[in-house]
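The structure under discussion appears below in the form of structure tokens.
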Amino acid sequence: MQFVKYEQRGFVGIVTIDRQKALNALNSEVLGELEQTFDSISLEETRCVILTGAGEKSFVAGADIGEMSGLSKAEGEAFGKKGNDVFRKIEAFPIPVIAAINGFALGGGCELAMSCDIRIASENAVFAQPEVSLGITAGFGGTQRLARIIGLGKAKELLYTTNKMKADAALALGLVNAVYPLESLMDEAAKLAEKIARNAPIAVRATKKAINDGMQVGIDEAIVIEEKLFGSCFESEDQRNAMAAFVEKRKPDPFVNR
Ligand code: HXC
């Protein structure tokens, strides 16, 4: 692949968007490669994914403005759908995805980070939804996910004004979970991913599904979603082994993802 690199480190997969000459901006090719990369991740071998941008300046500086500049109405809609389909795939990916935001997260970059489960950022990260200054709406989920993550009032302010926000402000709003010096961002992301990967994979996956699916429906239906997924864990070898170890007052064996 030209623009998206993948590295497997134990149970953790690292996806890096690498189009540094355009600050990792998302054109159709990058979106296509991102989709292909997620499609090819082995869920047998991988328990958590880290998504980041190459270089020290930018996570993703948005959708590619050059590519978008001449689009017709139908082409604009198709471009939005292309990004939305990939981002939705990441949001619903069976295992957790951590965004390690190493600089600019603008427009589609902020939207990409918001499709991940957990966001951590470097101190030099900058967030904004600049779309209305370019004559468009946010189009890769920003009008929907930002309000769900930080609340309606602040989301509307950011989307209407295009104000840029530094990492500490994003932390205060809950848009990111933690901020680290740039040089330690990937180590911290790896620590977080490895911690997740040490837990029972089937239970982690069921937890992600329960949260995601439950957020789309009313509480009564959501609780039933949890009950079903909770119940399904009792068919796993990992549940039997972990609970037996507790009862027998011994250390559990490593989880086997069965
Ligand atoms: C295409 C981009 C780009 C983008 C940067 N580049 N962002 N190309 N699309 N989104 C390119 C520049 O053209 C330039 O290429 C190179 O990357 C370096 O950028 P500079 O501007 O020279 O760097 P700097 O002065 O440090 O400024 C960094 C920046 C600025 C503040 C991030 O590049 C910027 O404002 N970029 C646009 C950010 C933005 O508006 N994003 C939202 C896009 S709309 P050359 O060839 O000149 O060296 C969006 C909509 C999503 O994301 C939904 C779609 C459906």
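The values are calculated or read from the model by the stated rules, or taken from the named source; none is laboratory data. What you are looking at is a predicted structure, and each value in this text was computed from that prediction instead of being measured. Glycine gets a Cβ as well: all are built from the backbone with ideal geometry, and neighbour counts include every protein chain shown. Only protein heavy atoms, including side chains, enter the accessible area calculation; ligands, DNA and RNA are left aside. Shrake-Rupley method; radii C 1.70, N 1.55, O 1.52, S 1.80 Å.
Rg and Dmax, both from the Cα atoms of the range 171-258 and both in Å, are 16.7, 45.
Using the Kirkwood radius over C-alpha pairs as Rh, can you work out the diffusion coefficient of the chain via Stokes-Einstein at 10 °C, viscosity 1.306 mPa s, in µm² per second?
On the way: Rh = 19.2 Å.
Estimated diffusion coefficient is 83 µm²/s.
Applying 1/(1 + (r/R0)^6) with r as the Cβ-Cβ distance of THR162 and ASP85 and R0 = 25 angstrom yields a FRET efficiency of 0.45. Projected label points at ILE223 and LEU71, each 7 Å from Cα along the beta carbon direction, are separated by 4.3 nanometres. Measuring against 24 Å, Cα to Cα, the residue pairs LYS195/LYS249; LYS21/LYS164; LYS81/LYS164; LYS164/LYS208; LYS208/LYS228; LYS81/LYS191 contain LYS81/LYS164; LYS164/LYS208; LYS81/LYS191 as the ones spanning a longer distance.
Taking every DSSP bridge with both residues inside the chain, close to 25 percent are antiparallel. Here the dipole of the chain is about 420 debye; that uses its Cα centre as origin and unit charges on the Cβ of Lys and Arg (positive) and Asp and Glu (negative).
Measure out, as a whole number of angstrom, how far apart the alpha-carbon centroids of the range 203-231 and the range 60-132 sit. Here the two parts' Cα centres lie 26 Å apart.
Tell me which chymotrypsin sites (Phe, Trp or Tyr not before Pro) from the range 86-187 have a DSSP coil assignment and no more than 15 other beta carbons within 10 Å of their own.
Values: sites: PHE87, PHE104, PHE127, PHE140, TYR160; in loops: PHE140.
Loop-located and lightly packed - none at all.
Against the criterion of solvent-accessible heavy-atom surface with a 1.4 angstrom probe, GLU123, GLU67 sort, most first, into GLU123, GLU67.
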